[in-house]
Amino acid sequence: MSPKKDQPKELPKTYDPAAYEGAVYAAWEKSGAFKPVSDTKPKLRKERKAYTIILPPPNVTGVLHVGHSLMITLEDALVRYHRMKGFDTLWLPGTDHAAIATEIKVEQALREEGKDKRELGKAAFVRRAKQWAKDHKHIIEDQTRAMGASVDWSRNAFTMDKAREQSVQEAFKRLYKQDLIYRGSYMVNWCPHDRTVLSEEQVVHKEQEGVLYYLKYGPFTLATTRPETKVGDTGVAVHPKDKRYAKWVGQTIDVEMINGTHQIKVVADEAVDPEFGTGAVKVTPFHDPNDYEIGLRHQLDQLEVIGEDGRMTEAAGKRLAGLDRFEARKKTVDWLKQKKLLVKEEVIKHSVGRCERCDAVIEPRVSTQWFVRMTKIAKTALAFVDDGRLKFAPARFEKTYRMWLEQLHDWCISRQIWFGHPLPAYVNGKGETSLTAKPGFKKSPDTLDTWFSSALWPFSTMGWPKQTADFKHFFPNDVLETGYDIILSWVVRMCLMTAALEVKNPATGRVDPPFHTVYLNGIVRDGRGRKFSKSLGNGVDPLEMIGKYGTDALRFTLATSNAPGADVNFDEQRVVKSRNFANKIWNISRFVINAVEGEAGLDDLQAETLTTFDRGILYKLYRLNQEVERSFHDPAAYDKPGIEPRPAEVRRPRTYDLAHAGNALYQFVWSDFADWYLEAAKVQLRNAETARNTGIILKHVLETALHLLHPLMPFVTEVIWRDGLGRKDPLITGAWPAVHEDLDQPEDGERFDRIREVIETIRRIRAEHKTPAASFVQAYIVTDEPAWIVEAGDVINKLARLSMLRVGQHPPRGDVASAAVGDATVVVPLAGLASDTAAGHLQREIEAKRMEIERLKGRLANKEYVENAPEHVVAETKAKLAEAEAALAKLEAS
RNA sequence: GGGCAAUUAGCUCAGUCGGCUAGAGCGCCGCGUUCACAUCGCGGAGGUCGCUGGUUCAAGUCCAGCAUUGCCCACCA
């Protein structure tokens with residue numbers, strides 16, 4: 001604890017997040033709290049272990065959505081925790097240039113001005129796009145601030161800034177030299193709207209209804225969903241074992257098309273399913289991935305009939321040329337009908353690939369593009385998980401990672417859009433490539449897939465290929481936290497690039513994974529488990545939530561809404577609950593601050609006069625500390641020397657279960673501390689003998705709880721710390737509270753709970769007998785072990801609203817209500833109360849006890865149970881039985 | 001077609017080496033008493049833990065099968 005203090009301020013009655021959050025964030029940032037401590041104290045670089053997280057860079061085009069909020073919440077909690085634990089902590093922010101998304105936005109802006117990007121020209125367009133990105137990136141950055149993210153803005157990166165440009169160029173060149181990048185003509189996914197090739201991952205397959213047309217096709221009848229491609233057919237394929245068509249195989253047949261009669265070769269190929277349709281399939285090698293393969297195997301011609309713009313080419317013939325592919329389909333069908341070549345139409349469901357950005361139907365086509373060879377480097381990436389250097393949380397996602405690496409196809413990295421990293425290579429007329437300008441070679445007009453730069457992010461942000469001080473200290477990163485929906489497009493590729501570029505871990509000198517753990521969060525859905533969508537109108541704006549309830553409330557809600565890796569059902573009611581929780585913390589603090597004076601600490605406690613409540617709450621606080629640490633604990637982060645984990649943490653970590661931590665905190669703060677200890681403290685503070693201890697404990701528990709809460713609820717805890725308690729050193733850089741092992745006394749907790757049960761029991765009896773809230777009743781507690789209950793007498797009197805309490809062996813006779821609490825019995829005389837149910841009540845209590853005794857006796861009578869169950873379980877059962885029998889005896893006596 | 005999840009109170013979810021009477025919040029019903037908080041306090045009702053078998057002294061928890069829902073992967077025209 002720091003001795004430095006400002007004058008505490010009087011806290012208002014209700015916590016108003018909006019009144020503090022902006023200023024608190026600004027103060028944190030200004031103080032340098034977000035930066036690694038070693039930035040100002042370079043000596044610490046050697047002494048302290050680094051803890052590094054890179055923020056998955058949001059698109060510059062984006063605005064904050066709840067998915068971002070979840071990500072920021074989890075990462076910030078981890079970062080704040082490790083900062084408080086004494087790691088040299090770096091959380092590095094950045095944004096992604098999102099090539100296609102940005103290009104689309106800028107095109108839109110141009111269109112609104114009545115301009116077209118092609119008439120503007122490439123150079124001007126790129127300038128404009130860069131400016132647009134620059135103008136917009138602050139939006140998502142400001143929103144990241146609003147979430148309270150303790151990122152180091154001084155290291156803010158952008159996938160297209162100078163340093164990252166160097167990383168990208170260098171990466172391309174190295175891969176090219178190692179023959180891991182090549183250029184070639186293959187079947188690719190083409191978006192006719194954006195006029196660029198896309199990678200497999202940028203194509204979204206959607207199930208939709210379509211028509212399967214059965215056509216007369218020379219001597220065959222065959223089925224197709226894409227009749228417009230007929231003019232591009234150069235073959236018909238059948239299965240080699242299909243007897244129906246055997247006689248045609250190898251022949252060339254005449255087929256009537258809309259643009260004349262074509263000679264079509266009939267081939268036999270295993271790829272044809274004789275069961276589907278008619279068992280014969282038309283082959284369009286230029287425009288279908290399967291047909292492309294069949295065409296290669298049988299040397300069929302490739303005929304381009306649909307152009308890059310999605311319109312039919314000259315080769316499609318006069319009647320179709322220039323038409324959009326879907327118009328061409330209609331026209332072809334009309335023509336087929338007219339010629340009586342259409343046998344039937346069947347409505348089917350089939351999957352159609354669409355562009356993930358613009359939703360246009362993908363047109364597969366043959367095209368010359370650049371690719372990264374994946375198979376070789378995949379082995380290294382698989383080794384990362386094989387030998388346990390890379391772990392997934394939850395572990396099941398490791399399977400997804402493996403699955404993808406085991407069935408890998410080469411990655412198409414060239415794009416025909418204008419905005420992006422220029423592809424740093426030259427090509428000549430013969431298709432030869434070069435990294436440098438040579439006579440006859442021209443600079444490639446292509447740009448690189450956005451994900452190419454993202455794949456370098458864990459080390460490009462650290463200055464790679466330069467061996468900067470940051471690289472040496474902060475690489476590899478610790479945790480990569482992100483949504484499970486981008487394992488493939490991003491996580492896998494970062495690992496592949498680390499392997500391909502042989503980015504060495506400075507600490508081990510070998511190629512290690514770029515992070516030791518991948519922590520995956522789920523997708524945020526609405527309260528009923530549906531995905532957010534514009535058409536449902538169920539979207540949630542995190543900024544609106546922040547405005548209404550405060551950032552801490554949103555964060556606490558997101559952190560506690562689900563188990564790790566599971567989807568989050570977002571329910572605004574829970575944000576209300578979290579807001580109320582923040583307010584509860586606020587008011588607890590107001591009470592403690594007003595009630596307690598002085599700076600005495602735990603060392604000043606007088607052990608002899610500690611009450612059951614005092615010991616109990618300290619024990620529960622100790623357990624809470626353990627529980628929260630266990631939830632945050634990541635064994636891998638401790639791998640390097642410097643910070644020793646506590647033994648208990650390591651025993652059974654619940655890696656990254658922040659929901660568990662949040663629930664434990666909520667339970668402790670609201671129930672144990674506010675509802676019980678605080679109420680007991682109100683009594684103890686009036687007693688000269690217990691007042692001093694109580695004050696010390698109130699303050700100690702509050703201050704400790706503020707620390708433990710801080711990673712999840714940074715704002716309210718900091719405000720209380722600063723304004724309420726008047727602390728000068730901010731909480732954000734405070735040290736994680738120590739635990740006092742000597743407080744680990746479970747019986748203290750049990751006694752606390754036992755007294756709680758006594759009070760609850762009396763209250764229940766009061767309620768059952770309709771005792772007016774304001775009235776007082778008397779109570780007897782029949783017990784063999786009265787000392788610590790007697791000591792709590794004043795508290796019981798107040799909380800159960802008693803006019804008299806007796807503890808001892810002799811309960812009153814007659815008209816009473818009795819209930820068992822452990823082996824004790826609580827007896828409340830009913831004289832003067834609405835007591836019609838007294839006898840029934842006692843009877844029910846006795847009956848319940850008897851049932852319990854029966855059950856326990858039955859279990860102990862079971863030989864196999866006694867022999868097989870572990871000793872402590874059996875002993876526990878025996879103790880329970882003894883307790884129940886004692887309780888029954890007392891009930892029957894009353 | 002292959003794989004992965006989920007299924008516990010009206011709703012949203014906890015329940016981590018199998019072991020007392022399965023918990024929380026919200027919602028619902030009843031009552032509100034002293035100066036932290038009505039964004040509050042106290043009490044209560046509410047569950048055949050999806051179904052069927054199996055393992056075990058003991059199953060919400062482990063195993064098998066089934067059902068329903070969701071997600072991912074896969075070239076079926």
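The values are calculated or read from the model by the stated rules, or taken from the named source; none is laboratory data. Here the structure is a predicted model, which is why all the values come from computation and not from measurement. No Cβ is skipped: glycine too gets one built from the backbone with ideal geometry, and neighbour counts run over all protein chains shown. Keep in mind that these areas ignore ligands, DNA and RNA; they rest on the heavy atoms of the full protein, side chains included. Shrake-Rupley method; radii C 1.70, N 1.55, O 1.52, S 1.80 Å.
Points worth noting:
- For the peptides A:320-330, A:431-441, A:574-584, the ranking by mean Cβ contacts within 10 Å, running from highest to lowest, is A:574-584, A:320-330, A:431-441.
- Size of charge dipole - chain A - debye, nearest 20, with Cβ of Lys, Arg +1 and Asp, Glu -1, no other charges: 2640
- Relative to the longest principal axis of the Cα atoms of chain A, the long axis of helix A:325-338 lies at roughly 60 degrees.
- Taking the convex hull of the alpha carbon positions in the stretch A:281-399 and averaging its projected area over all directions gives 12.4 nm².
- Per residue, the convex hull spanned by the Cα atoms of the stretch A:75-205 measures out at 198 cubic angstrom.
- Förster-model FRET efficiency, 60 Å R0, A:Glu892 and A:Ala271, C-beta, rounded to 0.05: 0.10
- Across the accessible surface of chain A, with the other protein chains kept in place and a 1.4 Å probe, carbon and sulfur atoms take up 49 percent.
- For the stretch A:530-639, GluC sites (Glu not before Pro) are listed when DSSP marks them as loop and at most 11 other Cβ atoms sit within 10 Å of their Cβ; the list is A:Glu597, A:Glu599.
- Calculated log₁₀ intensity ratio I(q)/I(0) where the Debye formula runs over C-alpha points of the stretch A:449-524, q = 0.14, 0.17, 0.27 Å⁻¹: -0.42, -0.61, -1.35
- Legend: P(r) of the stretch A:465-579 from all alpha carbon pair distances, 5 Å bins from 0, whole percents, reading 2, 10, 15, 16, 13, 11, 10, 10, 8, 4, 0.
- Qualifying trypsin sites (Lys or Arg not before Pro) for the stretch A:715-801 [loop in DSSP, other Cβ within 10 Å: at most 15]: A:Lys728, A:Lys770
- Overall form of the stretch A:275-326 per C-alpha gyration tensor (a/c, 1.5; a/b vs b/c): prolate
- Helix A:688-709 axis, angle to chain A major axis (alpha carbon atoms, nearest 10°): 0
- Kirkwood hydrodynamic radius (C-alpha pairs) into Stokes-Einstein, the stretch A:840-894, 25 °C and 0.890 mPa s, D in µm²/s: 206
- Diffusion constant of the stretch A:648-702 at 4 °C, which comes from Stokes-Einstein with the Kirkwood Cα-pair radius and 1.567 mPa s, µm²/s: 99
- DSSP bridge analysis restricted to chain A gives an antiparallel fraction near 70%, rounded to the nearest 5.
- Label sites at A:Glu760 and A:Lys241, each approximated as a point 7 angstrom past Cα along Cα to Cβ, lie 7.0 nm apart.
- Stokes-Einstein D in µm²/s, Kirkwood radius over Cα pairs - the stretch A:700-761 at 20 °C with 1.002 mPa s viscosity: 156
- One quarter of the surface of the convex hull around the alpha-carbon atoms of the stretch A:1-106 equals 10.4 nm², the direction-averaged projected area.
- Value of Rg/Rh across the stretch A:744-894 [Cα atoms, Kirkwood radius]: 1.02
- Working from the Cα coordinates of the stretch A:247-299, the gyration tensor eigenvalues give, after taking √(5λ), semi-axes of 18, 14, 12 Å in decreasing order.
- In chain A, Cα pairs under 8 Å separated by at least six residues give a relative contact order of 13 percent.
- Local charge for A:Ala157 was computed over the other residues whose Cβ lies under 12 Å away, with Lys and Arg +1 and Asp and Glu -1, and equals -2.
- The stretch A:353-380 residues near the modelled A:Glu293 label - backbone nitrogen below 18 Å, point 7 Å along Cα→Cβ: A:353, A:364-367, A:374-375
- Degrees, to the nearest 10: A:746-768 long Cα axis against longest axis of chain A: 80
- Rounded if a/c under 1.5, otherwise prolate or oblate - chain A, Cα gyration tensor axes: prolate
- Across all directions, the average projected area of the convex hull around the alpha carbons of the stretch A:54-94 is 2.8 nm².
- Pairs beyond 22 Å (Cα-Cα), from A:Lys46/A:Lys472; A:Lys376/A:Lys399; A:Lys577/A:Lys770; A:Lys30/A:Lys728: A:Lys577/A:Lys770
- Cα-based equivalent ellipsoid of the stretch A:427-476: semi-axis lengths in Å, sorted from largest, via gyration tensor: 33, 13, 7
- Amide hydrogen neighbours beyond the local backbone of A:Val236, cut-off 5 Å, H modeled: A:Lys265, A:Val266, A:Val267, A:Val283
- Taking the three principal axes of the alpha carbon atoms in the stretch A:748-831, the coordinate ranges are 33, 25, 18 Å, sorted in descending order.
- Cut-off 12 Å between beta-carbons: net charge of the residues surrounding A:Asp324, Lys and Arg +1, Asp and Glu -1: +1
- Averaging 1/r over every pair of different alpha carbons in the stretch A:668-792 and inverting the result gives a Kirkwood radius of 17.4 Å.
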